[in-house]
Amino acid sequence: VTFDGFKALVRSILTRKRLDDDMEAEMRFHIQEYERDLICRGLSTPEAAKRARIEFGNISLAKEQCREVKGVPMLDEFARNIRYAFRQLRRSPGFAITVILTLGLCVGVNTAVFTLINAVLLRPLPYPEPERLFDVVREMRRGSEFQASTGQDGYAWQALKNARSVQVAALGSTNGVNLGSADRAIYVQQQRVGMGYFRVLGIPLAHGREFDDAEDRSGGPPAVVLSNGIWKRIFHGDESVVGRSILLRGEPHVVVGITAEVFRPRGLVDIWTPLMPSTKGEGSGINYQLIARLNSGASPAQAQAEVQARGVTAFENRRIPPSITARMSLTPFERFNQAALRERLLIISSAAGLILLIGCVNIASLMLARGSARRREIGTRIALGGGTASLVRQLTTEALVLGMAGGAAGLALGYLATQALQAAVARYGIWQELRMDRPVLLATALVSLLVSLLFGLAPIVQAVRMGVRETLLEGGSRSVVGGRSGRLRRMLVLAEVAMSLMLLVGAGLLIRTLLNLQHLDPGFDGKNVLTATASLQDARYREGENINRLFSASLDAIKKEPGVEAAAVGLHLPYQRWLNSGAKIRGRSATVENDVGTSMNYVTPGYFEVLRIPLLAGRVIDERDRKDSMPVALVNEALAHKFLKGEDPLSGFIIDGDTTRQIVGIVGDLQQQPGLNRSGPIVTEPAMYIPAAQFSSKAFQMAHTWYSPNWVVRASGRREAIARGIERAIAGVDPLLPVAEFRSMIDERDSALGSQRLNAWLFGGLAALALSLALVGVYGVVANSVAERTREFGIRIALGGSLRRVIWEAVAPVVLLSIGGVTIGGLLAVLSVRVLKGMLYGVQPADPPTFLIAGAALIAITAVASLVPALSLARLAPADVLRQD
Amino acid sequence: VNTLADLLPGTLDLLVLKAVSLGALHGYGILLRIQQISQRLLQIEQGSLYPALYRLEHAGLIESEWGVSENNRRAKFYRLTRSGQTRLRKEMQQWTLFSEAVGHVLRALPEET
């Protein structure tokens, strides 16, 4: 089909009706004019009408010829081809369903992955002029050590808040808080942000205003901004809530604003409160992030220079030691967060691409098989003079119909997958909305079209290349050893097996990583332990006394619930990120105190018993440790090993602020999540435990700004019943304290391993898909070759040939091919799985067992897939075969 | 009387081009014009005029526009395009050459025998 022809075709589709009307009008005009002339020449009216019509000739023939000029017959042929294609597919529903399903799965997977990539990497951020938005990044270099982070302190804020070329806003962490409504309270996500946050992001509030200078400083009037979602959910979209006072964190806050419906923050946030940034308290550590928007009239280079210069002041004020080279810079908004994600998404998308390739190979092989089954039909058509061009057009139409149906199935599957992914990825730092917008739809349509043309090509080439004679001879079930198309199909099997192996090996490595991590000794016994959390960033819990009273009263009540064996409270659980704390350590022999960085956890008596954390020396924290008793601390093995090597740790002291604490016990290490970016996914850090009774009010307030404490309960029985019991017990002590959520220690572990789990699931799913595609592909090839050679096999069996030999002949080539495919795939996998290196734990990329198992599994599965159709030969009745056609 | 089918292929196209070169005409008008200037020596099968018109239009040699006929009826008028003019000139030259040549040959033959 030439381009001109195509244009005419399209035009005729669009204008067919008008063309016919025009033609009709034009010819009627002609005939009527002639009629008039004839009447003028003296003919009677009926006579004239008759003669005009006769002399004009065959009207419909003339019209048909005109249409032909306009390309209309092509349209008709197209429609005929489509009808024919549908009829053909209806006649072999198994084939059609297999192709559409295969294509649907492959396209669906790729649609979902592309939706993800589009949302995270391609689509502009949901803020006006996103290219003017930046994150402020600090880079620290000491010798060969390099660290970059978006974490900032109060000094950086102080140095940058008056910058001329950019507007800067500070933001803090997001954590759960209690929002009072009527007679109860709910647990909502709060983010603390400095003034200017909404202005910098560029989305004005729907109602009210953002925080002003007075509210955003320590001691200012308590204020809150509501998200549009929570405003609608809790306050039913009542605008008069602005200016009203609501109960938040146990005290009244004035609602100053409500965000716009379109506003989408990074992460899940229900309400915002003022950050009150300063260089004291949390501002003395790295607990903020800074975002910046370029002022109009300033160039990015100017802003970069100014931020860098102001950064120098910030580092001086912070007293960064001269051995560290520090630099402040601007990076495009989100670019920093995306760096790690980008690599992972690219790996996942290449895996998805591989699936698409396997799918194509499969479909091409199916089409070839079908092509050879239809070879007699095709050969007959060519022999009878049906032009090659029209044959090609018809086969292309069939491929397109299949492609479009598969694409539609893929779109539907992709939509479902995207829905499932949205919830799953939210936990891994992907906050953007996964939406199948125009680029996604376009890409999906393009891929389906391309793929269908690609696999549609195979039978066309086959049909055109083959002469009529061979076609008629080779067609049907009369052939002996498969002809040229057989060779091509075998190559496709080889490619398919090789690609499947690559995915299988990748999945194997990631699954082994997950298993390795899951089977690490966690250092405690998490079976039958249920945890509950509640926010104590609350005006009623500013004092340590109140907090400890809550802990002991609620624990007493919980212990009375049926099935409960033991209960305790701790700020942190294993697998979580713990509070970082600086302290000094003094051993008995050491005259100097060493500054150490540790993680800190406050616990009530019973914490170690509930979690069955082994005590290695000394004693655990118990009821004797009171506010007025001697200050004590427990350390974990890692801390004792790292900072008190060669000494008796039990005679050492920890100096925590103004308090000197005697180390009274050593407990086993727990798996924690690193606070800094360290090598392993779940590591143990030096840690100390302090009795909750001896925690100061100030320390409680600081810790509860970032973290909600956890109740840990060891109990037997149904999870829901235990959870209700805990809820009831806590509500009995404080009815206004909402319990945020109940989680088992397995849940905790799974969320700590979330990223590895996601990797293993995604790759495992893709590999399973690849495996089933390979299965279908191999089955198809063998089934087809058996069908084609039925007559030959039948004759051989009739003549006394061995059945076993015949079956072996059908199966052997495919098994050999799959061994070849496994070998090639193995070599490719050795090269390609290296990209996974950073995602593995406890297993090398070139792990021999993984390769061996994957290869053996693939060969075994292809052998079974080829044996099943071959065994049908055993049921063959030779006499029937010989009598066939 | 000769019908057009008896003439050389492509002749109808040439006649149509010539007819519309003298001004825009509707289909029936073209028919009349050809009959008139050929002094009724050439008869066109009326219906076959239209496929020729569509073909010429598709080739860009003529263009059409709906207008009003001399007796106030809606009709489609055809007009020669620039490339149509060029083609007409070329065809005319070739035709003249061809017919002269054939004429010479036909006239010469009896004298030689």
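See the values below:
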quantity: Test: residue in the stretch A:680-698 that is of a type in the set (A, V, I, L, M), open to solvent by 20 Å² or more (accessible area, probe 1.4 Å) and at pLDDT 90 or above; calculated: yes
quantity: Some residue of the stretch A:772-787 being among the small types (Gly, Ala, Ser), out of contact with any helix residue (DSSP H, G or I) (no Cβ under 8 Å at 6 or more places or on another chain), within 30 Å of A:Gln518 (Cβ to Cβ) and at pLDDT 80 or above; calculated: yes
quantity: Tally, over the stretch A:583-593, of residues that are within 15 Å of A:Met688 (Cα to Cα) and open to solvent by 60 Å² or more (accessible area, probe 1.4 Å); calculated: 2
quantity: Looking only at the stretch B:10-30, and only at residues there that are more than 10 Å from the chain's Cα centre (by Cα) and open to solvent by 40 Å² or more (accessible area, probe 1.4 Å), the one that is modelled with the highest pLDDT; calculated: B:Ala24
quantity: Residue match in the stretch A:195-216 (condition: more than 27 Å from A:Arg132 (Cβ to Cβ), in contact with a strand residue (DSSP E or B) (Cβ under 7 Å, 6 or more places away or on another chain), of a type in the set (A, V, I, L, M) and modelled with pLDDT of 95 or more); calculated: no
quantity: Lone qualifier among B:Arg79, B:Arg55 - being open to solvent by 70 Å² or more (accessible area, probe 1.4 Å), closer than 13 Å to B:Gly27 by Cα and in contact (Cβ under 8 Å) with a residue 12 or more places away in the chain; calculated: B:Arg79
quantity: Condition met for A:Val815 (within 30 Å of A:Met491 (Cα to Cα), crowded, with 20+ Cβ neighbours inside 10 Å and in contact with a helix residue (DSSP H, G or I) (Cβ under 6 Å, 6 or more places away or on another chain)); calculated: no
quantity: Test: residue in the stretch A:69-80 that is within 14 Å of chain B (Cβ to nearest Cβ), acidic (Asp, Glu) and without any contact (Cβ under 8 Å) to a residue 60 or more places away in the chain; calculated: no
quantity: Qualifying residue in the stretch A:118-128 (condition: within 30 Å of A:Ala770 (Cα to Cα) and in a loop (DSSP other than H, G, I, E, B)); calculated: yes
quantity: Members of the stretch A:601-656 that are free of Cβ contacts under 8 Å to residues at least 60 places away in the same chain, surrounded by 22 or more Cβ atoms within 10 Å (Cβ to Cβ) and in a loop (DSSP other than H, G, I, E, B); calculated: A:Leu644
quantity: Among (1) closer than 29 Å to A:Ile430 by Cα; (2) modelled with pLDDT under 85; (3) not in a helix (DSSP H, G or I), the one test that A:Arg743 misses; calculated: (2)
quantity: From the options A:Ala640, A:Ala633, residue that is of a type in the set (Gly, Ala, Ser) and more than 29 Å from A:Gln701 (Cβ to Cβ); calculated: A:Ala640
quantity: Candidates B:Arg87, B:Arg74, B:Arg40, B:Arg33, filtered to the one that is out of contact with any helix residue (DSSP H, G or I) (no Cβ under 9 Å at 6 or more places or on another chain), of a type in the set (D, E, K, R) and either open to solvent by less than 90 Å² (accessible area, probe 1.4 Å) or over 18 Å from A:Cys66 (Cβ atoms) (or both); calculated: B:Arg40
quantity: Odd one out for A:Ser350, checked against (1) hydroxyl-bearing (Ser, Thr, Tyr); (2) open to solvent by less than 40 Å² (accessible area, probe 1.4 Å); (3) closer than 21 Å to A:Ala443 by Cα; calculated: (2)
quantity: Contacts under 6 angstrom Cβ, first residue in the stretch A:562-585 being part of a loop (DSSP other than H, G, I, E, B), partner among the charged types (D, E, K, R) and surrounded by 18 or more Cβ atoms within 10 Å (Cβ to Cβ), 6 or more apart; calculated: A:Leu573/A:Glu748; A:Tyr575/A:Glu748; A:Tyr575/A:Arg749
quantity: Hey, A:Phe742 touching a residue at least 60 places away in the same chain (Cβ under 8 Å), in contact with a helix residue (DSSP H, G or I) (Cβ under 6 Å, 6 or more places away or on another chain) and surrounded by fewer than 22 Cβ atoms within 10 Å (Cβ to Cβ) or not; calculated: yes
quantity: Residue that is farthest from A:Leu294 (Cα to Cα), among those in the stretch A:189-205 that are part of a loop (DSSP other than H, G, I, E, B) and open to solvent by less than 50 Å² (accessible area, probe 1.4 Å); calculated: A:Leu205
quantity: Filter result for A:Ala185 (part of a strand (DSSP E or B) and either small (Gly, Ala, Ser) or in contact with a helix residue (DSSP H, G or I) (Cβ under 6 Å, 6 or more places away or on another chain) (or both)); calculated: yes
quantity: Residues of the stretch A:28-68 that turn out to be surrounded by 15 or more Cβ atoms within 10 Å (Cβ to Cβ), more than 10 Å from chain B (Cβ to nearest Cβ) and in a helix (DSSP H, G or I), as a count; calculated: 5
quantity: Residues satisfying the stated conditions in the stretch A:215-234, i.e. open to solvent by less than 50 Å² (accessible area, probe 1.4 Å) and under 20 Å from A:Ala539 (Cα atoms); calculated: A:Glu215, A:Asp216, A:Gly220, A:Ala223, A:Val224, A:Val225, A:Leu226
quantity: Members of the stretch A:547-561 that are assigned to a helix (DSSP H, G or I) and either open to solvent by less than 50 Å² (accessible area, probe 1.4 Å) or in contact with a Pro (Cβ under 7 Å, 6 or more places away or on another chain) (or both); calculated: A:Ile547, A:Asn548, A:Leu550, A:Phe551, A:Ala553, A:Ser554, A:Leu555, A:Ala557, A:Ile558
quantity: Flag for A:Ser245 being free of Cβ contacts under 8 Å to residues at least 40 places away in the same chain, open to solvent by 60 Å² or more (accessible area, probe 1.4 Å) and small (Gly, Ala, Ser); calculated: yes
quantity: Pairs with Cβ under 6 Å, 6+ apart, first in the stretch B:64-75 and within 10 Å of another protein chain (Cβ to nearest Cβ) and within 19 Å of B:Ser21 (Cα to Cα), second in a strand (DSSP E or B) and not aliphatic (A, V, I, L, M); calculated: B:Ser64/B:Lys76; B:Ser64/B:Tyr78; B:Trp66/B:Lys76; B:Ala75/B:His26
quantity: Criterion (of a type in the set (A, V, I, L, M, F, W, C), outside any loop (DSSP other than H, G, I, E, B) and within 21 Å of the chain's Cα centre (by Cα)) met by exactly one of A:Leu488, A:Leu510; calculated: A:Leu510
quantity: Hits in the stretch A:702-714 (condition: closer than 11 Å to A:Val564 by Cα and either open to solvent by 50 Å² or more (accessible area, probe 1.4 Å) or out of contact with any Asp or Glu (no Cβ under 6 Å at 6 or more places or on another chain) (or both)); calculated: A:Val712, A:Val713
quantity: Counted residues, the stretch B:13-41 - those being of a type in the set (A, V, I, L, M) and within 13 Å of another protein chain (Cβ to nearest Cβ); calculated: 4
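Here's the yes/no breakdown for (1) more than 30 Å from A:Leu736 (Cα to Cα); (2) assigned to a helix (DSSP H, G or I):
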position: A:Leu247; (1), (2): no, no
position: A:Pro252; (1), (2): no, no
position: A:Ser278; (1), (2): yes, no
position: A:Gln289; (1), (2): yes, no
position: A:Ala301; (1), (2): yes, yes
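The values are calculated or read from the model by the stated rules, or taken from the named source; none is laboratory data. Treat the numbers as computed from the prediction; the structure is a model and nothing was measured. Neighbour counts run over all protein chains shown; Cβ positions are idealised from the backbone, glycine included. Side chains included, ligands, DNA and RNA excluded: accessible areas come from the protein's heavy atoms. Shrake-Rupley method; radii C 1.70, N 1.55, O 1.52, S 1.80 Å.
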